[in-house]
Amino acid sequence: MQRIGFIVLPGFQVMSFAAASVFEFANRELGEPVYDVRVISETGGSIRSSIGVSVATEPFDDTNFDTLIVGGSAVVGALTPGVIRFLQQALGRCRRVAATCTGAFILAEAGLLDGRRATTHWNRARELQARFPNVKLEEDRIFIVDGPVWTSAGMTAGIDLALAMIEKDLGADVARAVARKLVVYHRRAGGQSQFSVQLAGPVAHRPSLRELQSWIHEHPESDLGVEALAKRIGMSPRNFARTFTRELAVTPARYVERARVEAARQWLEDSRTSLDEVAAACGFGSAETLRRAFQRLLRVSPSAYRDAFARSHGTRKEVRA
């Protein structure tokens, strides 16, 4: 049996426990207690979360854990020297140590991320990099595995991290079955982007540009060159490119590429349409152009992305001419 220790600090976020359900359902799937999940803290006893809900914890001791997982805390003083020492000893005693969301700050404080690749919630990524320059931060990843150290993005990404652990321990079939029971995708790979173009990027101040942003996402197969887009909102190409870049902090061409990749992701998740047809439907022109864009932005091939994220395939809309 593998012991999984969830370290909680005062002010922890309840959502960080979502990953615990992954191990619970793995036990149910196999019909036996493969994982023994413990909730632990430095002192033990009741630990209050950020929302006010408290959980009972066991104190740190000499128990050998296969895996330790830590979430973040917004409470000043929550991270104590005792917690740091416990984590510093963990790599010598545990097979793997992990952090979800801002728990990466705790691993970094303990020195466990020095020289390692890591990720965290996108909204805190630059702060992590500034405070801990020895971390090889990749701020737009769902989760990252660097040797025995695992880190994930925002809270729900902890589910993806835990599913990846299940897959490594028990195989892909068990991980898929657990994902189905949790009604989540099996599974977002570590290289997947944390957020969509529309959610991640700024929104233009000008109403005409805001409407154009939506139109781009709704018509990825259209002519989305600078001249065509400029004409659509009645601006000269030069002024349009300058204004678009100033308001959205990205060139029109780069924005269009990201929007088309996002559209292609949806096609790959929802259908078995050929790559040539997906490329045409999303404005790439050729499967090779689609492949290059995926590798550049998502660091994964379209085929590998489909293998990781394809849902049960019903009928999707016809490919647009």
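The values are calculated or read from the model by the stated rules, or taken from the named source; none is laboratory data. The shown structure was predicted, so the numbers you read here are calculated from the model rather than taken from an experiment. Methodologically, a virtual Cβ is constructed for each residue, glycine included, from the backbone with ideal geometry; neighbour enumeration extends over all protein chains shown.
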Of the residues in region 111-131, how many are in a loop (DSSP other than H, G, I, E, B) and not small (Gly, Ala, Ser)? 7
Are any of the residues in region 143-157 closer than 20 Å to LEU298 by Cα, out of contact with any Asp or Glu (no Cβ under 8 Å at 6 or more places or on another chain) and assigned to a helix (DSSP H, G or I)? yes
Taking the condition at pLDDT below 95, surrounded by fewer than 15 Cβ atoms within 10 Å (Cβ to Cβ) and either β-branched (Val, Ile, Thr) or in the same structural domain as PRO302 (by TED's automatic domain parsing) (or both), does VAL184 pass? no
Among the candidates ILE69, ILE40, ILE106, residue that is outside any helix (DSSP H, G or I) and touching a residue at least 40 places away in the same chain (Cβ under 8 Å): ILE69
Top-ranked residue in region 214-252 [being out of contact with any Cys (no Cβ under 8 Å at 6 or more places or on another chain) and of a type in the set (Asp, Glu); ranked as farthest from ALA281 (Cα to Cα)]: GLU247
Of VAL250, VAL300, which residue is surrounded by 13 or more Cβ atoms within 10 Å (Cβ to Cβ) and either modelled with pLDDT under 85 or in a helix (DSSP H, G or I) (or both)? VAL300
Only residues that are part of a helix (DSSP H, G or I) and in contact with a helix residue (DSSP H, G or I) (Cβ under 7 Å, 6 or more places away or on another chain): list them for region 266-283, please. TRP267, LEU268, GLU269, LEU275, ASP276, VAL278, ALA279, ALA281
